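Taking it in order: structure first as structure tokens, then the write-up.
Read the figures in this text as sums done on the coordinates, not as results from a lab. The structure presented is a predicted model; accordingly, all values stated were derived computationally and were not measured. Please note: Cβ atoms are built from the backbone with ideal geometry, for glycine as well, and neighbour counts cover all protein chains shown.
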């Protein structure tokens, strides 16, 4: 019995598994059974995600797209955070929450820059 037939009737989820310390999170992108996803070992590791920016202000993501295709063909479904990452990577269309979050960040930056210019001109 092959691996594909072994998991054909089970609900699978592509999700983030948290590793690292309390102040330094690090995530693995894994395939797990939908039920008891936290209690069992993941079936396969597809990649990693480091949410904290490095010295170049980049968040690092590595994904094995070949394995991702295989698991999606087996019926695995991606969680919302993974869908957002895959949308930013160009694998899926950009997730609407990513667009909304970018718009909010832009408004916040504009507001902060306006406050900074008002404070500097008042002095």
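Using alpha carbons only, how many degrees (0 to 90, rounded to 10) separate the axis of helix 96-122 from the longest principal axis of the chain?
For helix 96-122, the angle is close to 20 degrees.
Treating the angle as unsigned and between 0 and 90°, give the value, to the nearest 10°, between the Cα long axis of helix 80-89 and the longest Cα principal axis of the chain.
70
Run the paramagnetic zone check for residue 18: 7 angstrom along Cα to Cβ, then residues of the stretch 41-72 with backbone nitrogen under 16 Å.
49-52
Indicate, rounded to the nearest 5 percent, the antiparallel portion of the DSSP beta bridges found entirely in the chain.
Restricted to the chain, the bridges split so that about 90 percent are antiparallel.
Return the FRET efficiency for the residue pair residue 41, residue 62: r is the Cβ-Cβ distance, R0 is 22 Å, and the value is rounded to the nearest 0.05.
The formula returns an efficiency of 0.60 here.
Taking semi-axes √(5λ) of the Cα gyration tensor in Å as the quantity of interest, determine which of [x] 24, 17, 12; [y] 38, 16, 12; [z] 32, 21, 9 was computed from the displayed structure.
Computed from these coordinates, semi-axes √(5λ) of the Cα gyration tensor in Å corresponds to label [y].
Would you compute, from DSSP H runs of 4+ residues alone, the mean residue ellipticity of the chain at 222 nm, taking -39500 (n - 2.57) per run and dividing by the full residue count, rounded to the nearest 500?
-13000 deg cm²/dmol
For residue 50, project a label point 7 Å along Cα to C-beta. Then give me every residue of the stretch 72-100 with its amide nitrogen under 11 Å of that point.
So the set is empty, nothing qualifies.
Top mean-square fluctuation among 77, 18, 103, Gaussian network model of the chain, C-alpha springs under 10 Å?
103
Which of 90, 75, 20 moves most in a GNM of the chain, Cα contacts under 10 Å?
20
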